[in-house]
Amino acid sequence: MLESLQQGSVSVDEALSRLRDLPYEDLGYATLDHHRSLRTGYPEVVLGQGKTPEQIAAITEKLAVQSDRVLVTRADMDAYRAVKERLPDAAYNSAARCITLERGRQTRRPGVAICCAGTSDVPVAEEAAVTAEMMGCSVDKMYDVGVAGIHRLLDKTERLRAARAL
């Protein structure tokens with residue numbers, strides 16, 4: 001953009017307008033970190049809990065202008081509907097309670113396993129899995145491995161090893 005300013009293809013006012021929201025943008029009720037991906041390699045994650053559906057939709061829309069990946073955690077169906085109106089390519093994982101927007105393909109790095117003891121833990125495990133995937137990791141899930149006996153966990157790991165050998 002600065003080269004465009006130097007060449008005269010962008011006005012000073014336009015350049016200032018674009019730079020005003022970098023590295024962050026203050027919406028009054030939320031401050032969006034547009035440079036987090038540049039600093040960390042991972043985009044900002046929005047905690048939906050405590051925000052209105054309209055706030056979540058506005059935040060998601062603003063982040064989507066600057067990033068090809070957006071993740072909203074602890075979101076309900078009303079928030080998803082509000083986001084979907086603005087961003088038709090958004091998706092909702094009801095088990096994880098997450099709204100995602102993922103434009104383009106990303107290479108996933110292996111190495112994340114998500115384990116949970118019982119079925120009541122699945123929502124948190126799904127949220128963790130969606131988050132890891134949005135951060136570029138492939139995820140192996142092992143649910144309901146139990147806490148009463150190690151045999152339930154060992155059974156899952158043997159099947160996981162066998163699946164990777166194929």
For residue 127 the rounded accessible area (nearest 10 Å², probe 1.4 Å, non-protein molecules ignored) is 20 Å²
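So for 27, 47, what's the accessible-area order with a 1.4 Å probe, most first?
Numbers: 27 45, 47 85 Å².
The residues order as 47, 27, largest area first.
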Once phi for every residue in the range 35-49 is put through the Karplus expression 6.51 cos²θ - 1.76 cosθ + 1.60 (θ = phi - 60°), the whole-Hz ³J(HN,Hα) values, with Gly and Pro written as x, are 9, 4, 4, 5, 7, 10, x, 10, x, 5, 10, 9, 7, x, 4
Using a 1.4 Å probe on heavy atoms of the protein chains only, the accessible area for residue 73 in Å², nearest 10, reads 10 Å²
To the nearest 10 square angstrom, how much accessible area does residue 65 have with a 1.4 angstrom probe?
120 Å²
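With all protein chains present and a 1.4 Å probe, how do 109, 161, 97 order by accessible area, largest first?
161, 109, 97
Over the range 40-166, what is the relative contact order in percent, taking alpha-carbon pairs closer than 8 angstrom and at least six residues apart?
Values: 196 pairs, mean separation 24.6, N = 127.
It rounds to 19 percent for the range 40-166.
Give, in nm to one decimal, the length gained when the segment between residue 81 and residue 29 is fully stretched (0.36 nm per residue of separation minus the Cα-Cα distance). Please report the intermediate quantities before stating the final value.
Working: separation 52, 0.36 × 52 = 18.72 nm, distance 2.03 nm.
Here the segment from residue 81 to residue 29 would lengthen by 16.7 nm.
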Taking each pair of distinct Cα atoms in the range 1-153 once, what is the resulting Kirkwood hydrodynamic radius in Å?
17.4 Å
Please report the antiparallel percentage of DSSP beta bridges with both residues in the range 75-148, rounded to the nearest 5.
40 percent
Quick calc, residue 39 & residue 108: beta-carbon distance into FRET formula, R0 25 Å, rounding 0.05, result 0.70
Assigned charges on the beta-carbon of Lys, Arg, Asp, Glu; the chain dipole about Cα centre (debye)
660 debye
Rough spin-label spacing in nm, given labels placed 7 Å along Cα→Cβ, for residue 155 and residue 16
6.8 nm
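Which sequence of 31, 107, 157 reflects their accessible areas, 1.4 Å probe, from the largest down? The partial results should precede the final answer.
Details: 31 80, 107 120, 157 35 Å².
Sorted descending by solvent-accessible area, the residues read 107, 31, 157.
The values are calculated or read from the model by the stated rules, or taken from the named source; none is laboratory data. In this text the structure is predicted, and so the values were computed from the model without any measurement. Cβ: placed from backbone, ideal geometry, glycine included. Neighbour counts: every protein chain shown. Calculation scope for accessible area: heavy atoms of the full protein, side chains included, ligands and nucleic acids excluded. Shrake-Rupley method; radii C 1.70, N 1.55, O 1.52, S 1.80 Å.
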